[in-house]
Amino acid sequence: MIARKFPNGFLWGAATAAHQIEGNNVNSNWWAMEHAPDSKVVEPSGDAADSYHRFGEDIRLLADLGLNAYRFSIEWARIEPERGFVSRAEIDHYRRMVDACLDKDVEPIVTLMHFTVPRWFQRDGFWRADDAPELFERYVEAALPVVSSGVRYVCTINEPNIAAMLAGGEDVANLVANAMPNPDLLVADRLYESHVRARRVLSGAGLRSGWTVATQAFAPTGEPGSEEEVQRYGHPREGWYLERAAGDDFVGVQAYTRTWVGPGGPLPVADNVETTLTGWEFYPPAAAEGIRAAWEATGHTPVMVTENGIATGDDERRIAYTRGALDGVLATITEGIDVFGYLHWSLLDNFEWASGFRPTFGLISWDPHTFQRTPKPSARWYGGIARANALPDH
Ligand code: BGC
């Protein structure tokens, strides 16, 4: 069997986000939202996977599987639980996570903001407040000790396009629906300004940084007007954010599925296609299409696939999906695109926002009572590819 090699030094990892696995993120806006009397979130995040305490075990498992990179986020609501109060203890906590990675020769890739913000930030105007970018910059400066040594890559803001859409006033349940809300353009501008300020701080400390964009593989149906509609509908939801990553050290691509667009807008997922637990079309080429879109829109900013995966209870389908996705990633590298890492979403089953714990994206499951971790067959399969730095031939 001839193996199909990835470039030397390729980053093979898995990704998580603090609020989705840590548990008890009580000072965050999402915790407040989950517990509001009229909450649309199907269940609260609660203890989640208790990764706040069990991160050492999680990083060990990741390394033992054969992976060499871990993308995780640090939580602003813990680091600055009240406006202006920075917790040394929480900075130390996240520094210990970085050190746990380094101890295992795992590349730590740190995200500074993965959707959640402190309650006080929400109260004081959220991303619409005039001083929001300044407050974010102050947080990044405070968090610098977490990343100041041993870290090479920092993701500033996770999926600013989804964050702007969620802020658009529509129902939070739209996160898992097919039609994407209208973005709040003021929020989009503020997120971009926050990103620019964060990058200035990080570059000053010798760190490579970028933001991570949810790519949607918008597909025109071919009907007259559908190409134009892809532009009209897609640009404020994806292209605008990719274009702004021109000149950054890297851009994160986060791809899961595709969205068909007709002359009248996006179409619901067809009845006759395989869907996942989030209701999305099973579509492995999404990763490659996201990479190509990012490479083109940025004028060739290096790409890291910072998320790609599938919510399924059938682990065989996770393997099939990931195999297809990785075939596509390798094809983009062969085409000459600078793709330097692939981080599977997710290391662990986790809290899938408004949908709660039901959509399982993890390579590793855990017992809700004991928190005991169990790697799934897909985790071992994926670890084998990472160790070989190659895909087996078909
Ligand atoms: C987010 C993750 C989320 C995943 C699957 C991305 O939108 O960054 O937080 O769990 O996709 O929906």
Accessible area of residue 230, 1.4 Å probe, to the nearest 10 Å²? 30 Å²
Heavy atoms only, 1.4 Å probe, whole protein assembly: order 203, 28 by accessible area, highest first. 203, 28
So what is the orientation-averaged projected area of the range 223-339, using the convex hull of its C-alpha atoms, in nm²? 7.8 nm²
Share of the range 10-388's accessible area from carbon and sulfur, percent, 1.4 Å? 50 percent
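Rounded to the nearest 500, what is the 222 nm mean residue ellipticity of the chain from helices alone, with -39500 (n - 2.57) per DSSP H run of 4+ residues and division by all residues?
Numbers: 14 runs with 151 residues, N = 394.
Estimated from H runs of four or more residues: -11500 deg cm²/dmol.
I'm checking a number: the convex hull volume of the Cα atoms of the chain, normalised per residue, in Å³. What is it?
Details: hull volume 53.0 nm³, N = 394.
Normalising the Cα hull of the chain by residue number yields 135 Å³.
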Reciprocal mean inverse distance between Cα atoms of the range 326-382 - Kirkwood radius, Å: 13.3 Å
Give me the aspartates and glutamates in straight-line cross-link reach of residue 40: C-alpha distance below 15 Å, same-chain residues under 8 apart excluded. 170, 171, 352
Provide the per residue accessible area, probe 1.4 Å, for the chain, rounded to a whole number of square angstrom. 38 Å²
If amide hydrogens are placed 1.01 Å from N in the peptide plane, which non-local residues have theirs closer than 5 Å to the one on residue 11? 341, 342
What does the charge count around residue 307 come to, taking other residues whose C-beta lies under 10 Å from its C-beta (Lys +1, Arg +1, Asp -1, Glu -1)? 0
Near residue 104, which lysines are there with a Cα under 23 Å away, not counting those fewer than 8 places off in the same chain? 376
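The values are calculated or read from the model by the stated rules, or taken from the named source; none is laboratory data. Just so you know, these numbers come straight off a predicted model, no measurement behind them. Note: ideal-geometry Cβ built from the backbone for every residue, glycine included; neighbour counts use all protein chains shown. Remember, those area values only see protein heavy atoms, side chains included, never the ligands or the DNA or RNA. Shrake-Rupley method; radii C 1.70, N 1.55, O 1.52, S 1.80 Å.
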